[in-house]
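Contents: one structure, followed by commentary.
The values are calculated or read from the model by the stated rules, or taken from the named source; none is laboratory data. These numbers come from a predicted model, not from an experiment. Ideal geometry is used to build each Cβ from the backbone, glycine not excepted, and the neighbour counts take in all protein chains shown.
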Amino acid sequence: MKKMLKILDKVAPQIAGRLIYNKISQPRKRKLREREESVLAQSERLSIDFRGFVLKRYSWGETGNPVALLIHGWEGQAGNFGALVSILLDKNYHVVAYDGPAHGESSRKSTNMFEYADFTSTRIKIHQPKLIISHSFGTVSTQLGLLENPKFKLNQWIIITTPFSFKEFILSIITKLGVSQKTLQILSSLIEKDTNLPLEEINMKTLCQKMNPIDSVVIVHSIDDKVLPFHDAERTAKCIENSELIKLKNIGHYKILWSDELNNILKNKINNN
């Protein structure tokens with residue numbers, strides 16, 4: 001694909017930009033590990049409709065308890081949070097997670113990160129969670145979802161790795177593919193059409209300025225994360241008032257979710273009910 005894109009970049013950048021857009025609109029399905037499947041098997045499952053998708057919902061614990069809503073990252077799924085469920089149940093939460101549009105066991109068709117953010121917004125409105133835990137680009141979906149619910153007051157947000165700027169993410173893709181600024185402009189226009197936001201404004205600094213205060217925000221990120229640099233977490237922490245940044249070492253972007261280090265942090269930091 002890279003060779004073809006370089007040719008199209010020179011002769012038909014409009015097509016090159018559209019191809020890249022289509023590629024990032026089709027998340028890859030990652031196979032669940034046995035331990036992730038085991039936790040999902042203990043959940044109550046439900047199918048819901050959203051914009052032509054059939055999405056999978058998973059829940060654990062007493063329905064009358066405060067809700068902990070888990071928001072997975074791009075190309076992630078609900079089972080990724082399997083190690084956290086028992087911690088949340090011990091703290092008397094009703095735990096709710098979804099496979100987002102075109103993710104996990106949900107139905108598959110073209111989507112994008114901003115449609116996932118729209119879905120997250122509906123879940124915040126429906127569940128009124130006391131606690132949200134987000135991973136990776138699920139943090140952006142959570143941020144946008146919170147902004148769509150201006151009257152909602154969140155008690156605690158645990159951020160497990162975070163990007164800072166969507167424009168920087170797009171630039172990293174363009175750099176890897178070796179295509180031109182013209183193709184970048186076309187791709188940016190397609191993204192801005194989806195979001196109704198300038199690409200320059202899709203960053204944690206701009207978004208956090210519009211956010212309602214949250215009682216407790218804890219950001220956990222490893223300096224050895226190969227997907228999202230630790231500097232993204234540092235910049236995000238500076239944008240969220242009273243947030244706490246916890247730095248881990250020698251843990252990857254996905255392994256962090258099942259790490260003993262994160263497990264211990266959450267036991268200490270998540271508020272009891």
Filtering the stretch 168-182 down to residues that are touching a residue at least 12 places away in the same chain (Cβ under 8 Å) and more than 22 Å from the chain's Cα centre (by Cα), which residue is surrounded by the fewest Cβ atoms within 10 Å (Cβ to Cβ)?
-> 178
Applying the selection to the stretch 23-32, what residues are surrounded by 12 or more Cβ atoms within 10 Å (Cβ to Cβ) and either among the polar types (S, T, N, Q) or over 28 Å from residue 63 (Cβ atoms) (or both)?
-> 23, 24, 25, 26, 27, 29, 30
Which one of these does residue 113 not meet: (1) at pLDDT 95 or above; (2) surrounded by 22 or more Cβ atoms within 10 Å (Cβ to Cβ)?
-> (1)
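Taking the stretch 187-207 on its own, how many of its residues are of a type in the set (Ser, Thr, Tyr) and within 15 Å of residue 140 (Cα to Cα)? Break it down into steps so the answer makes sense when it comes.
Going through the stretch 187-207, the residues of a type in the set (Ser, Thr, Tyr) turn out to be 188-189, 195, 206.
Pick out the ones that are also within 15 Å of residue 140 (Cα to Cα) and you get 195, 206.
Of the residues in the stretch 187-207, 2 are of a type in the set (Ser, Thr, Tyr) and within 15 Å of residue 140 (Cα to Cα).
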Per the list (1) of a type outside the set (S, T, N, Q); (2) in contact (Cβ under 8 Å) with a residue 24 or more places away in the chain; (3) surrounded by fewer than 16 Cβ atoms within 10 Å (Cβ to Cβ); (4) out of contact with any strand residue (DSSP E or B) (no Cβ under 8 Å at 6 or more places or on another chain), residue check on residue 239 breaks on (3)
Please work out which residue is farthest from residue 202 (Cα to Cα), limiting yourself to the stretch 98-122 and to residues that are in contact with an Asp or Glu (Cβ under 6 Å, 6 or more places away or on another chain), touching a residue at least 40 places away in the same chain (Cβ under 8 Å) and not in a loop (DSSP other than H, G, I, E, B).
-> 99
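Just checking, which of 265, 191 is under 30 Å from residue 148 (Cβ atoms), among the β-branched types (Val, Ile, Thr), assigned to a helix (DSSP H, G or I) and within 19 Å of the chain's Cα centre (by Cα)?
On the way: 265 fails: within 19 Å of the chain's Cα centre (by Cα).
Result of the check over 265, 191: 191.
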Scan the stretch 194-235 for residues that are small (Gly, Ala, Ser) and either assigned to a helix (DSSP H, G or I) or more than 27 Å from residue 149 (Cβ to Cβ) (or both) and jot them down.
-> 222, 233
Exactly one condition in (1) over 19 Å from residue 263 (Cα atoms); (2) assigned to a strand (DSSP E or B) is not met by residue 26; state its number.
-> (2)
Within the stretch 149-165, restricting to residues that are surrounded by 22 or more Cβ atoms within 10 Å (Cβ to Cβ) and not aromatic (Phe, Trp, Tyr), the one that is nearest to residue 67 (Cα to Cα) is 154
Within the stretch 198-217, the residues that are over 20 Å from residue 172 (Cα atoms), touching a Leu at 6+ places or on another chain (Cβ under 9 Å), at pLDDT below 95 and among the hydrophobic types (A, V, I, L, M, F, W, C) are 207, 211
Only one of 86, 47 is part of a helix (DSSP H, G or I), more than 18 Å from residue 136 (Cα to Cα) and without any contact (Cβ under 8 Å) to a residue 40 or more places away in the chain, namely 86
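Quick check on residue 62: is it assigned to a loop (DSSP other than H, G, I, E, B), charged (D, E, K, R), in contact (Cβ under 8 Å) with a residue 40 or more places away in the chain and over 16 Å from residue 159 (Cα atoms)? Full working, then the answer.
On the way: assigned to a loop (DSSP other than H, G, I, E, B): yes; charged (D, E, K, R): yes; in contact (Cβ under 8 Å) with a residue 40 or more places away in the chain: no; over 16 Å from residue 159 (Cα atoms): yes.
No, not satisfied.
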Neighbours by Cβ (under 7 Å, 6+ apart or cross-chain): first from the stretch 183-205, under 19 Å from residue 121 (Cα atoms); second small (Gly, Ala, Ser) and buried (at least 18 other Cβ atoms within 10 Å of the Cβ) = 203/165
